[in-house]
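Peer 1: The structure follows.
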Amino acid sequence: MITAQPQSFFAPVRSLLAFVLCFAINRENLPTASPHSVPSIMHSSLANISFDGNLSFDNIQHVAKDFGNIYHLMPSAVLHPKSVFDISSAIKYIFDMGSTSELTVAARGHGHSLKGQAQAYQGVVINMESLNVPAMNIQAATLPYIDVSAGELWINILHESLKHGLAPKSWTDYLHLTVGGTLSNAGISGQAFRHGPQINNVHQLKVVTGRGEIVTCSEEHNADLFHAVLGGLGQFGIITEARIALERAPKKVKWIRALYSDISTFTKDQEKLISSNDSFDYIEGFAIINRTGLLNSWRASFKPKDPVGANHFISEGRILFCLEVAKYFDPQEYKHIDKDIDTLLTKLSYIESTVFMSEVAYLDFLDRVHLSEMKLREKGLWEVSHPWLNLFVPRSRIHEFSEEVFGDIVRDTSNGPVLIYPMNKSRWKNRTSLITPEEEVFYIVAFLFSAMSSSTGKNGLEPILAQHNKILQFCQRRRLGIKQYLPHYYTQEDWKTHFGTHWELFSRRKRTYDPLAILAPGQNIFQRANSYVRHWFST
Ligand code: FAD
């Protein structure tokens, strides 16, 4: 059997297999069920359940697509739930069919996964956005929180909580994602160094397990399930409701960018900022390789501190690192904001002429990626393929990583941004299912590329995926101890390597909460006995 091979011998073969499978799946050549096959009989019996919402068998192609636009797995039905009981009844029904059934169920949030994680080949996809219960409800107490449906988009939660002068503490860079979708991963942005990821800022969840049971869980009650589903890749239950911690919302944001020409100074400053109590409120950064007229392109939204110096700065042919930070404030209350920012900036060693600043409303700052989305949509560049690779890199290996990857593998960043910023593990809950490197400080390095399906050039899907493969192979060869974020693997052996010593806990939790492996088949971690995907992969 493949997985019994020694790791070092098998790695190149596995990469090749991964590469080939990727395109096989992209070509939508999975087998389809005949109208009278066993699955179709099971599905029609599912149609006999009475739902508050509805189960649909027609016009369901849209859920066989996600933001990645690389995998397209057709389900058999889509459930549009109107109550938690709809979800529970569907899963319980499938669970009660026992191990003779092949049906799987995938919750779909906003479908912004990258590699089919919210898809279910010939299974049932649950459209979580139609579950709009409970209505958003805010408790503006000493420790304020908001109760929301897990199908709610973060942008709507922001709008609602701002009406009360409040906002969630931790974010993703893009807010048109659902609560259930980001809590199944982690939810990371420039606030994570202070508040931890979004999975750290949840008090309570309601979950429907793979047995169809409805369970409320928190740190105090059913804590094992609570920790399991946070970062749990949808494996243990479908989150239907979440209680999210809030804080007082600022009104405005000073948003600042500055460039560095070497990784050591850049990371030293980033690490200094994330470890200080007196710092910015948001700390991120990105790598820029061989960009022409970079500072000019910033002028539409930012003002240079030194316009003349900025005019003379040349970015072309260089590897640069941009520190991106923000300080929140309320103009009525915080009169010394500019002075405090100057004090913070004097402690940093960026290239003097490259500081750019902007002042924006808090809402506009948090929803900044949506602006880019609108522009890309206008040009028809949003619905392309998105071969993204997100890695957590231990602090001790980030320079080695950067030297090889930015020096040799990725020759320019014209296909999309490459984020790079550190986080501190002590701010993260350690009993969740999320896997991070062993070290206290680790970096997220996110290659957020877009590919043109028609292109055979370097912006085509295949060259970008090949580049990702090269990066992963380099990390493996050098044993950098990286972990994938929004992970994607083809074999259970690879998943075991990903989870390391946590695999036993992860698989024990699977046996407890979803023993028939009904949930989130698109993650490809556990497979139902007789499942279609298993059948297809082995033929
Ligand atoms: P889906 O893609 O619908 O689902 C993701 C996974 O979660 C699937 O396995 C699905 O079955 C499962 N799932 C969905 N809902 C539930 C539920 N209620 N209960 C249990 N399981 C569920 N991530 C970050 O951390 N930080 C970022 O800054 C960031 N920026 C992004 C920007 C863009 C433009 C995009 C497209 C993605 C970004 N992401 C970021 C990644 C994003 O957080 C994940 O892809 C997330 O899963 C997307 O949410 P979704 O609602 O679309 O989930």
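The values are calculated or read from the model by the stated rules, or taken from the named source; none is laboratory data. On a predicted model such as this, the values are computed, not experimentally measured, just so you know. We place every Cβ from the backbone using ideal geometry, glycine too, and count neighbours over all the protein chains shown. The protein model used for the area step is the full one, side chains on, heavy atoms only, and it has no ligands, DNA or RNA in it. Shrake-Rupley method; radii C 1.70, N 1.55, O 1.52, S 1.80 Å.
Peer 1: Between Glu359 and Gln484, what length in nm is gained on full extension when 0.36 nm per residue of separation is reduced by their alpha carbon distance?
Peer 2: On the way: separation 125, 0.36 × 125 = 45.00 nm, distance 3.41 nm.
Once the chain is fully extended between Glu359 and Gln484, it gains 41.6 nm.
Peer 1: To test your reading of the geometry: what angle, between 0 and 90 degrees and rounded to tens, separates the Cα axis of helix 263-275 from the longest principal axis of the chain?
Peer 2: That helix lies at roughly 80 degrees to the long axis.
Peer 1: Can you give the net charge of the other residues whose Cβ lies under 14 Å from the Cβ of Ala118, counting K and R as +1 and D and E as -1? All intermediate terms of the calculation are to be shown ahead of the outcome.
Peer 2: Values: positive: Lys65, Arg108, Lys115; negative: Asp66, Glu129.
Around Ala118, the charge tally is +1.
Peer 1: So, with +1 on the Cβ of K and R and -1 on the Cβ of D and E, and no other charges, what is the size of the charge dipole of the range 401-498 about its Cα centre, to the nearest 20 debye? Let's see the in-between values first.
Peer 2: Numbers: 12 positive and 10 negative charges, 61 e Å.
The calculated dipole for the range 401-498 is roughly 300 debye.
Peer 1: Then there's this: How much accessible surface area, in Å² rounded to 10, belongs to the heavy atoms of Met128 with a 1.4 Å probe?
Peer 2: 10
Peer 1: Take the chain, drop everything but the C-alpha atoms, weight them equally and run the Debye formula without solvent; then report log10 I(q)/I(0) at 0.05, 0.06, 0.12 Å⁻¹ to two decimals.
Peer 2: Values returned for q = 0.05, 0.06, 0.12 Å⁻¹ are -0.20, -0.29, -1.20.
Peer 1: Can I ask one more? Could you point to the residue in His336, Met136, Val355 farthest towards the positive end of the chain's charge dipole, with +1 and -1 charges on the Cβ of Lys/Arg and Asp/Glu respectively?
Peer 2: My answer, from the dipole projection, is Val355.
Peer 1: Could you sort Glu403, Glu219, Glu373 by accessible area so the largest value comes first, with the probe set to 1.4 Å?
Peer 2: On the way: Glu403 140, Glu219 70, Glu373 10 Å².
Descending accessible area places them as Glu403, Glu219, Glu373.
Peer 1: Hey, can you rank 82-92, 503-513 by average C-beta count inside 10 Å, highest first? Don't skip to the answer; put the middle values down first.
Peer 2: On the way: 82-92: 20.5, 503-513: 16.2.
With the highest mean Cβ count within 10 Å placed first, the list reads 82-92, 503-513.
Peer 1: Using Cα pairs under 8 angstrom and six or more residues apart, how large is the relative contact order of the chain, in percent? Numbers along the way, then the final one.
Peer 2: Numbers: 1106 pairs, mean separation 89.3, N = 539.
Here the relative contact order equals 17 percent.
Peer 1: Okay, moving on. In µm²/s, what is D for the range 41-100 at 20 °C and 1.002 mPa s, where D = kT/(6 pi eta Rh) by Stokes-Einstein and Rh is the Kirkwood radius from Cα pairs? Can you show the working numbers first?
Peer 2: On the way: Rh = 12.8 Å.
Translational D for this selection: 168 µm²/s.
Peer 1: Which value in Å does the Kirkwood hydrodynamic radius of the range 165-289 take, with 1/r averaged over all unlike C-alpha pairs and then inverted? Working shown, then result.
Peer 2: Details: mean 1/r = 0.0609 Å⁻¹.
Answer for the range 165-289: a Kirkwood hydrodynamic radius of 16.4 Å.
Peer 1: Also, quick follow-up: Roughly how many debye, to the nearest 20, is the charge dipole of the chain about its Cα centre, given +1 on each Lys and Arg Cβ, -1 on each Asp and Glu Cβ, and no other charges?
Peer 2: Roughly 580 debye, rounded to the nearest 20.
Peer 1: Further, regarding this structure: Please identify every one of the GluC sites (Glu not before Pro) in the range 289-349 that sits in a loop by DSSP and has no more than 13 other beta carbons within 10 Å of its own beta carbon.
Peer 2: Taking the range 289-349 and a limit of 13 other Cβ atoms within 10 Å, the loop GluC sites (Glu not before Pro) found are Glu316, Glu333.
Peer 1: Right, here's the next one. Rolling a 1.4 Å sphere over the protein heavy atoms, what is the accessible area per residue of the chain, to the nearest Å²? Working shown, then result.
Peer 2: Values: 22980 Å² over 539 residues.
Per-residue value: 43 Å².
Peer 1: Then there's this: Report Ser170's accessible area, 1.4 Å probe, all protein chains in place, as a number in Å² to the nearest 10.
Peer 2: Probe radius 1.4 Å; accessible area of Ser170 about 0 Å².
Peer 1: Determine the calculated [θ] at 222 nm for the chain from helices alone, applying -39500 (n - 2.57) to every DSSP H run no shorter than 4 residues and normalising by the residue count; nearest 500 deg cm²/dmol.
Peer 2: Working: 18 runs with 167 residues, N = 539.
Here the helix-only value at 222 nm equals -9000 deg cm²/dmol.
Peer 1: Would you rank Tyr362, Tyr93, Tyr174 by solvent-accessible area, highest first, keeping every protein chain in place and using a 1.4 Å probe?
Peer 2: On the way: Tyr362 5, Tyr93 70, Tyr174 30 Å².
Per-residue accessible area, sorted high to low, gives Tyr93, Tyr174, Tyr362.
Peer 1: Over 30 Å between Cα atoms: which of Lys163/Lys510; Lys163/Lys425; Lys305/Lys458; Lys252/Lys272; Lys327/Lys425 fall into that group?
Peer 2: Details: Lys163/Lys510 40 Å; Lys163/Lys425 33 Å; Lys305/Lys458 36 Å; Lys252/Lys272 24 Å; Lys327/Lys425 22 Å.
Cα-Cα > 30 Å for Lys163/Lys510; Lys163/Lys425; Lys305/Lys458; rest within.
Peer 1: Along its principal axes, what span do the Cα atoms of the range 225-342 show, with the longest given first and each in whole Å?
Peer 2: 56, 40, 28
Peer 1: Moving on. First compute the accessible area of the range 223-367 with a 1.4 Å probe, then give the percent of it belonging to carbon and sulfur atoms. Mind dumping the intermediate values first?
Peer 2: Details: 2920 of 5980 Å².
Carbon and sulfur atoms account for 49 percent of the accessible area of the range 223-367.
Peer 1: Tell me which of Gln198, Leu114, Met374 sits at the most positive position along the dipole axis of the chain, charges placed on C-beta atoms (Lys, Arg +1; Asp, Glu -1).
Peer 2: Going by the charge dipole, the pick is Leu114.
Peer 1: What length, rounded to one decimal in nm, is gained on full extension from Met452 through to Ser414, with 0.36 nm per residue of separation minus their alpha-carbon distance?
Peer 2: Working: separation 38, 0.36 × 38 = 13.68 nm, distance 1.25 nm.
Length difference between fully extended and current span is 12.4 nm.
Peer 1: At a 10 angstrom cut-off on C-beta neighbours, averaged per residue, how do the peptides 493-500, 263-270, 281-288, 135-142 rank from highest to lowest?
Peer 2: Values: 493-500: 16.9, 263-270: 19.6, 281-288: 21.6, 135-142: 12.0.
Top of the packing list down: 281-288, 263-270, 493-500, 135-142.
Peer 1: What percent do you get for the relative contact order of the range 180-241 when only Cα pairs under 8 Å and 6+ apart count? Kindly include the intermediate steps, with their values, before the conclusion.
Peer 2: Values: 93 pairs, mean separation 22.9, N = 62.
Across the range 180-241, relative contact order equals 37 percent.
Peer 1: What angle, in degrees between 0 and 90 and rounded to the nearest 10, separates the Cα long axis of helix 503-513 from the longest principal axis of the Cα atoms of the chain?
Peer 2: So the helix axis and the longest Cα principal axis differ by about 50 degrees.
Peer 1: While we're on this one: Can you return the aspartates and glutamates within cross-link range of Lys483? Criterion is Cα-Cα under 17 Å, with same-chain partners fewer than 8 residues away left out.
Peer 2: Glu400, Glu438, Glu439, Glu440, Glu493, Asp494
Peer 1: Sticking with this one: Report the extension gain between Ala223 and His370 in nm, rounded to one decimal, defined as 0.36 nm multiplied by the number of residues separating them, less their alpha carbon distance.
Peer 2: On the way: separation 147, 0.36 × 147 = 52.92 nm, distance 3.53 nm.
Stretched fully, the Ala223-His370 segment lengthens by 49.4 nm.
Peer 1: Let me ask something else about it. Let me cross-check Phe313: its accessible surface, 1.4 Å probe, with only protein heavy atoms counted, in Å² to the nearest 10?
Peer 2: Rounded to the nearest 10, the figure is 40 Å².
Peer 1: In addition: Can you order the peptides 414-422, 236-244 by their average number of other Cβ atoms within 10 Å per residue, highest first?
Peer 2: Values: 414-422: 20.0, 236-244: 25.8.
Ranking, from highest mean packing down: 236-244, 414-422.
Peer 1: Could I ask something else about it? Count charges around Ile464 for me, please; just the other residues with Cβ under 15 Å from its Cβ, Lys/Arg as +1, Asp/Glu as -1. Don't skip to the answer; put the middle values down first.
Peer 2: Numbers: positive: Lys115, Arg411, Lys458, Lys470; negative: Asp412, Glu462.
Local charge sum for Ile464: +2.
Peer 1: Largest first, how would Ser113, Ser372 line up by accessible area (1.4 Å probe)? Mind showing how you got there, number by number?
Peer 2: On the way: Ser113 30, Ser372 60 Å².
Output order, biggest surface exposure first: Ser372, Ser113.
Peer 1: Using only Cα atoms, tell me the angle between helix 84-96 and the longest principal axis of the chain; keep it within 0 to 90° and round to the nearest 10.
Peer 2: Taking Cα atoms only, the helix is inclined about 50 degrees.
Peer 1: Could you please report the charge total around Pro197, scoring K, R as +1 and D, E as -1 over all other residues with beta-carbon less than 13 angstrom from its beta-carbon?
Peer 2: Working: positive: Lys169, Arg194, Lys425, Arg427, Lys429; negative: Asp173.
Every neighbour counted, the sum reads +4.
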